[in-house]
Amino acid sequence: MSKFYDALETRSSAEREAAHMAALPQQVAHAQKASSAFASILAGVDAAAITSRQALAHLPVTRKHELLERQQAQRAQSPFGGFAAVGFGKAMPRVFASPGPLYEPEGARPDYWRMARAIYAAGFRPGELIHNCFSYHFVPAGSMMESGAHAMGCTVFPGGTGQTEQQVQAIADLKPAGYIGTPSFLKIIVEKAAEMGVPLPSLTKAMLSAEAFPPSLRDWLQERGITGYQSYGTADLGLIAYETEAREGLVLDEGVIVEIVRPGTGDPVPEGEVGELVVTTLNPDYPLIRFGTGDLSAVLPGACPTGRTNTRIKGWMGRADQTTKVRGMFVHPGQVSSIVKRFPQVQRARLVVSGEMANDQMVLQVETTETSGGLAVQLQDAMREVTKLRGEVELVAPGTLPNDGKVIEDARSYR
């Protein structure tokens, strides 16, 4: 049996990019027509002209808080804020909720969340039984994994969360090939099984998500005969990227177009630089265009050693929302970007907020080859104009600032 889920995983990068860019204008046009939210957000946009990443980068980014605001404002007319392209009935068998509350539709197409690809990469194969310990109520995680497993031809035991002793007993009785769920709950189950004196020899693989999966836990599971791989997705978008046996980053899913932008903006960063993941999904039922996940990551160079040719990312590297309050005023990453855009000689910038409570100090560190005091003074003036706050400027050499995606660093002491 092939080690790849399908031929899409090994097509050439040029072929994949051509297919995505051919689908992109159609998806933009569909979103404008079928989604009242994007009819407004993309008003005046010529969908036929969005045929490149450069053109895509000029469209506005819609972030989760904006999606929630539209849902709340339009709840009487549409629980989805006008973003869904399908309505209740056969085209939408389920609706889920995330904290907010934010409501997400599930379409009727097989493997709606596209999780089968990640499950296959984790070593599962058709005809196996999978023990699914993601929640089946309110949030879509349980359904995301089950629909992917069914599309692969697997049977699922819907374990859900909690009831650890019963989970152990079901695994011992049914002998599933592996586990899907959070890494922490798998550890709890394995520890409970040891405490009960119940061996679980069938449990040899796991597909893990929704939490960090550190190497220490990966090794702990491996010592007990369980090989675990992780996937990354969201309730809005479904699968975004997945780990392979190479364990060198996460390979992007075939059904999304991913950009990495400077936090607080829609501007793509150079390859390798940490920024916010912005995703355009090719899902026709919930056609999110340039959806800001709020998560930080970076592109890894080269292709996956397994032979999969899609772009790889480093995985989850933190949150992109670095808004902070300074002297009673909110300062946003977008404001820092606004300052930097005024000065072409500035390559990157980082606003460091330090001091103790009620004694905040701001220093804008900028990478530039220019060392004149005049630039620093101009930057100070721009900083005061944009943020309405005074701050200092420090000019540093290119390559000095950390590549961690931080535009605003809160280094204050709260003791």
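A short reminder: the numbers here are calculations on the coordinates, not readings from a lab. Model, not experiment: these values are computed from the prediction. Heads up, the Cβs are rebuilt from the backbone with ideal geometry, glycines too, and the neighbour counts pull from every protein chain shown.
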Exercise for the section: Compare the Cα positions of PRO398, LEU351, SER337 along the charge dipole of the range 324-410 (+1 at Cβ of Lys, Arg; -1 at Cβ of Asp, Glu; about the Cα centre) and return the one farthest towards the positive end. Expected result: SER337
Problem - Cα-based equivalent ellipsoid of the range 324-410: semi-axis lengths in Å, sorted from largest, via gyration tensor - result: 20, 14, 12
Handout entry: Centre separation in Å (Cα based) which lies between the range 344-386 and the range 91-156
Key = 47 Å
Exercise for the section: Return the FRET efficiency for the residue pair ALA22, LYS314: r is the Cβ-Cβ distance, R0 is 25 Å, and the value is rounded to the nearest 0.05. Expected result: 0.30
Fill in the blank from the handout: Expected sort for ASP381, ASP253 with the fewest Cβ neighbours (10 Å cutoff) up front is ASP381, ASP253
Problem - Radius ratio Rg over Rh of the chain, counting only Cα atoms, Kirkwood formula for Rh - result: 1.00
Problem - Nonlocal amide H pairs with GLU128, under 5 Å, H built at 1.01 Å - result: THR155
Fill in the blank from the handout: Excluding residues fewer than 8 positions from LYS406 in its own chain, the aspartates and glutamates with Cα under 12 Å of it are GLU273, GLU276, ASP295, ASP321
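For the range 254-374, what is the convex hull (Cα atoms) projected area averaged across all directions, in square nanometres? Please list the in-between numbers first.
On the way: hull surface 42.7 nm².
If you wrap the Cα atoms of the range 254-374 in a convex hull and average its projections, you get 10.7 nm².
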Problem - the range 85-142: chymotrypsin sites (Phe, Trp or Tyr not before Pro) in DSSP loop, at most 13 other beta carbons within 10 Å - result: PHE88, PHE138
Completion exercise
Note: ASP6 to ALA91 extended length (0.36 nm per residue) minus current alpha-carbon separation gives 28.0 nm
Exercise for the section: Between the alpha-carbon centers of the range 1-73 and the range 249-310, tell me the distance in whole angstrom. Expected result: 12 Å
Problem - Residue among MET145, MET362, MET329 with the largest mean-square fluctuation in a Gaussian network model of the chain, springs linking Cα atoms under 10 Å - result: MET329
Handout entry: Dipole magnitude of the range 5-71, debye to nearest 20 (Cβ charges: Lys/Arg +1, Asp/Glu -1, about Cα centre)
Key = 180 debye
Exercise for the section: Equivalent ellipsoid semi-axes for the range 50-90, as square roots of 5 times the alpha carbon gyration tensor eigenvalues: give them largest first, rounded to whole Å. Expected result: 26, 15, 6
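Please order HIS150, HIS20 by the number of other Cβ within 10 Å, starting at the fewest.
Going from sparsest to densest Cβ surroundings: HIS150, HIS20.
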Exercise for the section: Using R₀ = 35 Å, calculate the FRET efficiency as 1/(1 + (r/R₀)^6) where r is the Cβ-Cβ separation of ASP267 and ILE188; round to 0.05. Expected result: 0.25
Handout entry: Angle between the chain longest axis and helix 164-174 axis [Cα atoms, degrees, rounded to 10]
Key = 50 degrees
Handout entry: Separation in nanometres of the label points that stand 7 Å from Cα toward Cβ, at ALA170 and SER13
Key = 4.3 nm
Completion exercise
For ILE119, ILE171, ILE260, ascending order of other Cβ atoms within 10 Å (fewest first) is ILE260, ILE171, ILE119
Fill in the blank from the handout: Low-density loop trypsin sites (Lys or Arg not before Pro), the range 31-138, at most 14 other Cβ within 10 Å, DSSP non-H/G/I/E/B, are ARG75, LYS90
Practice task
Treat every Asp and Glu Cβ in the chain as -1 and every Lys and Arg Cβ as +1, leave all other atoms uncharged, and give the resulting dipole magnitude about the Cα centre to the nearest 20 debye.
Solution key: 440 debye
Problem - Most mobile listed residue (VAL386, VAL258, VAL28) in the chain, GNM with C-alpha springs under 10 Å - result: VAL386
